[in-house]
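Colleague: My structure is below; once you've seen it, I'll send some questions.
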Amino acid sequence: MRIAYLGLGAMGAPMAATLAAAGPVRVWNRTGSVARDHAAAHGSVAFAELLDLADADVICTCLPTDVEVAAIATVLGPVLAAGTVWLDHTSGAPAGARDVAAQLAAHGVTYLDAPVSGGTDGAARGALTVMVGGDAEALASVRAVLDIVGDRTVHVGDVGAGMAVKAVNNALLATALWAASEGLSALAAQGVDPVAALEVISTSSGRSFATERLIPERVLPGTFPRTFALALLAKDVSLARGVLDDVELAAPLLHLVDQLTAAASSELGPDADHAELVRVVERAAGVELRAHGMPTTGD
Ligand code: NDP
């Protein structure tokens, strides 16, 4: 199977590396040097021109939003052979996925939205969860590819359903992170050691990915590694709000989380990691959630 991977960012690069470890993979990136570096580091084959990928059997994309995917599909779609499967790992809008699927279907190409969860470490370990929307037969034909990048693939419905599930998942992540930041900041302001509070919460019913992983691993040591941009999380929460709005569900909680996350992203800027939204709550509370004796970033 000739596989091409387009978009070698924080997620795409380790996913393509995992594929390259299992077999031949062609890679393309807007900034061409990134693809050449990937080839040198992981044994993939760098392509400079999109149109040279015309004979691929499977096209994988991992770009910021469905807008960038649509732009690439406009260029590449017409030259792909009928029967090609397009696996889109981008977290995009469900309606955008349906538009790209229709655009590609005109050329006989089957589009599956296949966003992923598990972060950059999950991508590096080939341990992602993949949520797929689209044709079941096409999914069966590329399941072997998904089994390399992930350890769980779930077919969640028609085209766009994968995007909708991903958006709601990430809105839940943001909600838990905001709530944990507020609760822990209030406790810290009252003199409770956040490490002790987390030891309780992470083995109790209030636990979440925020309390079990993000805050202990990123906030308490003050390292805030940049693996998933806050701007991308804000995009996902906004997409989830769109999913709710589509069915006219009054959802005051997720509307508020959408506003808070968008404001935090504007305040902290495009380089902020998603876990840094904690800083907004810390500033308001006048505390820093840092483990005693551990280094802080100093700001
Ligand atoms: P990055 O910002 O690290 O990478 C973005 C990639 O898209 C780069 O390869 C970039 O190329 C490329 N790109 C940006 N704009 C364009 C354009 N106009 N045309 C062509 N290529 C473009 O993002 P991530 O890898 O973090 O995220 C990618 C997708 O995966 C997003 O939808 C995100 O929400 C989702 N995701 C991210 C996770 C994470 O932990 N990071 C986890 C799960 C999903 P260039 O090098 O030229 O800038």
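Values in this text are rule-based calculations from the coordinates and carry no lab data. Treat the numbers as computed from the prediction; the structure is a model and nothing was measured. Glycine also receives a Cβ, built like all others from the backbone with ideal geometry; neighbour counts cover every protein chain displayed.
Colleague: Given the options Val142, Ser91, Gly160, identify the residue whose Cα lies farthest towards the positive end of the charge dipole of the chain (+1 on Cβ of Lys, Arg; -1 on Cβ of Asp, Glu).
Modeller: My answer, from the dipole projection, is Val142.
Colleague: Right, next: Give the share of C-alpha pairs in each 5 angstrom bin for the chain, from 0 to the last occupied bin, in whole percents, shortest bins first.
Modeller: It works out to 1, 5, 12, 15, 17, 15, 12, 9, 7, 4, 2, 1, 0, in whole percents.
Colleague: I need the calculated FRET efficiency for the pair Ala291 and Glu49, taking r as the beta carbon distance and R₀ as 30 Å, to the nearest 0.05.
Modeller: 0.05
Colleague: I've got another one for you. Each label point is 7 Å from the Cα along the Cα-to-Cβ direction; what then is the distance between the points at Glu68 and Asp245, in nm?
Modeller: Result: 2.3 nm between the two label points.
Colleague: Next question, about the same structure. By how many nm would the segment from Gln190 to Ala41 lengthen if fully extended, with 0.36 nm per residue of separation less the alpha-carbon distance?
Modeller: Fully extending the segment from Gln190 to Ala41 adds 48.7 nm.
Colleague: Taking square-rooted eigenvalues a ≥ b ≥ c of the alpha carbon gyration tensor, is segment 1-134 rounded, prolate or oblate, where a/c under 1.5 means rounded and, failing that, a/b exceeding b/c means prolate?
Modeller: It is oblate, given that a/c is not under 1.5 and a/b is not larger than b/c.
Colleague: Placing +1 at every Lys and Arg Cβ and -1 at every Asp and Glu Cβ, with all other atoms neutral, what dipole size does the chain have around its Cα centre, in debye to the nearest 20?
Modeller: Dipole of the chain, to the nearest 20 debye: 420 debye.
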